[in-house]
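Everything below concerns the one structure shown next.
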Amino acid sequence: MSTNNKPNRLAKEKSPYLLQHAYNPVDWYAWSEEAFEKAKQENKPVFLSIGYS
């Protein structure tokens, strides 16, 4: 259970799995060009989660 009251960008997604994580204190990105572009600009790897529930 998260104590974070501010939603992250996953709150705008339609996937029930992603919505479960909308209040995590992590700056998650859904699979998107935006995510890959940010990783490229910051020269950072992409951490991919295939989900679990």
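Rule-based calculations on the coordinates, nothing more; no lab input. Predicted model, so just to flag it, every value in this text is computed and none were measured. Virtual Cβ from ideal backbone geometry, glycine too; neighbours counted across all protein chains shown.
For the chain, a crude dipole built from +1 on the beta carbon of Lys and Arg and -1 on the beta carbon of Asp and Glu, taken about the Cα centre, is about 120 debye to the nearest 20. Helix 33-42 and the longest principal axis of the C-alpha atoms of the chain enclose an angle of approximately 60°. Along the axis of the charge dipole computed for the chain (Cβ charges of +1 for Lys and Arg, -1 for Asp and Glu, origin at the Cα centre), the listed residues Pro16, Phe47, Asn5 are led at the positive end by Asn5. Each other residue within a Cβ distance under 11 Å of Leu18 adds +1 if Lys or Arg and -1 if Asp or Glu, for a net charge of +2. Select from Glu13, Glu33, Glu42 the residue whose mean-square fluctuation is largest in a Gaussian network model of the chain (Cα-Cα springs shorter than 10 Å). Of the options given, Glu42 has the highest mean-square fluctuation.
Label-to-label distance, Glu42 versus Arg9, with points set 7 angstrom from Cα along the beta-carbon direction: 0.9 nm. Label separation (Ile50 vs Tyr29): 2.1 nm, computed from points 7 Å beyond Cα along the C-beta direction. Kirkwood's formula applied to the C-alpha pairs of the chain gives a hydrodynamic radius of 12.0 angstrom.
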